[in-house]
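Worksheet for the structure shown next.
The values are calculated or read from the model by the stated rules, or taken from the named source; none is laboratory data. On a predicted model such as this, the values are computed, not experimentally measured, just so you know. Note that we place each Cβ from the backbone using ideal geometry, even for glycine, and neighbour counts take in every protein chain shown.
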Amino acid sequence: MAQTKSAKVTEVDVLIIGAGLAGLSALQALRTRAPHLRIAMVEAADFLGGTSRSAQTAVGEIDYGLKIFPDQPSTHATLDFMESLLQQRIERERIEAAPVTYDDGKFKPYVGFGDASVETATEIEAYAQTARLHLSSTPREWIQKLIQNSGELVQTQNVVTRLHTEDGCVTEVTLNGAKTLRAEHIIYTAAPAALPVLIGEGNLASRTRQKLIKGEFWTSVNLDLVHAEPITDSLAMHVLKGANEEPCVGFFAPPRTTEDGRKLQLSQWMTLIHRDQVDEEELVAGALKQIKRQIKRAYESALENIVQERILVLPGSHGNLVGAFDEASRLPKLANLWITSALFAPEKNTVGCLAQVARVTDSLLASSSLAEATGTETPAETETV
């Protein structure tokens, strides 16, 4: 992984902003189908993988946060796309377990929130699937393969501080407040809510700006627990909600026996708070307390012997911008800025993110300017930012 720093202006065919699952998948798709393109990739952090990297726990590696793959045609299409990038089969086992909730002292089938007004209902219910897929490999393993395939192309610790626009295009990108990069096309994989600041108030239509700023975006508060003993053999997704509390969703993984003979069980949970509340520590702490209260209400002894606890807060991770703009992958009047966020996709979460990558790379490679570039006979050299 290169971390070269230079003050020189770089010109490329495609710039990919962000080296999480979306960015690395887009990179692999372009390099596989159009190896002649000059591509640059920048990442603000000093590591790759974003929210799809692995996390180490007492039960081994797990995915970074709650992830689910519903057994739906769109999921299978997305997994087929990922197989083409990884050049390996992703085996899929159907798990049939209707979602459950806990009410009046017993578990019941989850059928919705009834008369309760729940702002996050659409996002929570995306996890409440009757049938989901158990996969032979998951995002944390895909990321490792994609990182291996990225070679020297990804440049970390490069923060995009400005997107300069002119005549309906992004003409230049400023990195770390100093370096300049020019690209024919830009694939933006970071949070869409940051775009108004990056583009600047005078360079983005007010209606577009308001949709990005005022949209219903949610921050996920995730809690991973490793229990000292098995709590349940249920494979169902749990949707738990106490009176006057926001709902949480989660599941228990099958117990695992460690090398020292302990039989531990992992559970992963998530609730949502408004995006603007992420900097308020009391609200995040309150969300975590609500998750624990709801778990304890359903499983009285679940929190008595916790081997490990992990907390993960992901700002602006959920929401919906479907239909907000005429084109599902681009902002009005910015023809060369392509957005892969799941917030723009009819599919949700990881599936939505990868579906957007497939759509964006298909559309981008069909553009006339890149069609000429892919027709060249001599491979272009990889650009270093």
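Tabulated data
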quantity	calculated
Strands (runs of 3 or more DSSP E) wholly inside the stretch 5-119 containing at least 2 residues that are over 27 Å from Pro255 (Cα atoms)	10-17, 39-42
Residue that is of a type in the set (Asp, Glu), part of a loop (DSSP other than H, G, I, E, B), over 18 Å from the mean Cα position of the chain (by Cα) and within 23 Å of Leu240 (Cβ to Cβ), where the choices are Glu327, Glu304	Glu304
The stretch 218-277, residues that are within 17 Å of Gln294 (Cα to Cα), in a loop (DSSP other than H, G, I, E, B) and of a type outside the set (Asp, Glu)	Ile231, Thr232, Ser234, Ala236, Met237, Lys241, Gly242, Ala243, Asn244, Pro247
Test: residue in the stretch 291-300 that is within 26 Å of the chain's Cα centre (by Cα), modelled with pLDDT of 95 or more, over 25 Å from Thr130 (Cβ atoms) and not aliphatic (A, V, I, L, M)	yes
Matching entry among Glu119, Glu91, Glu123 (being out of contact with any Asp or Glu (no Cβ under 7 Å at 6 or more places or on another chain), more than 28 Å from Glu216 (Cα to Cα), of a type outside the set (Gly, Ala, Ser) and touching a residue at least 40 places away in the same chain (Cβ under 8 Å))	Glu91
Residue identified as exposed (fewer than 14 other Cβ atoms within 10 Å of the Cβ) and farther than 29 Å from Thr75 by Cβ among Glu201, Glu184	Glu201
Filter pass, Lys211 being closer than 27 Å to Leu283 by Cα, in the same structural domain as Leu337 (by TED's automatic domain parsing) and over 18 Å from the mean Cα position of the chain (by Cα)	yes
Selection from the stretch 305-335 of residues that are in contact (Cβ under 8 Å) with a residue 24 or more places away in the chain and among the charged types (D, E, K, R)	Glu309, Arg310, Lys333
Residue satisfying condition, being more than 25 Å from Pro315 (Cβ to Cβ) and under 20 Å from the mean Cα position of the chain (by Cα), within set Lys179, Lys145	Lys145
Selected residue (only one of Gly242, Gly202 is in contact with a helix residue (DSSP H, G or I) (Cβ under 6 Å, 6 or more places away or on another chain), at negative phi and of a type in the set (Gly, Ala, Ser))	Gly242
Test: residue in the stretch 199-211 that is within 23 Å of Leu312 (Cα to Cα) and of a type in the set (Gly, Ala, Ser)	no
Single residue of the stretch 285-311 satisfying the filter (surrounded by fewer than 17 Cβ atoms within 10 Å (Cβ to Cβ) and in contact with a helix residue (DSSP H, G or I) (Cβ under 8 Å, 6 or more places away or on another chain)) that is nearest to Gly20 (Cα to Cα)	Ile311
Among the candidates Thr156, Thr180, Thr171, residue that is at pLDDT below 95, over 30 Å from Ala236 (Cβ atoms) and in contact with a His (Cβ under 8 Å, 6 or more places away or on another chain)	Thr171
Selection status of Asp224, in contact with a Gly (Cβ under 9 Å, 6 or more places away or on another chain), outside the structural domain of Phe325 (by TED's automatic domain parsing) and among the charged types (D, E, K, R)	yes
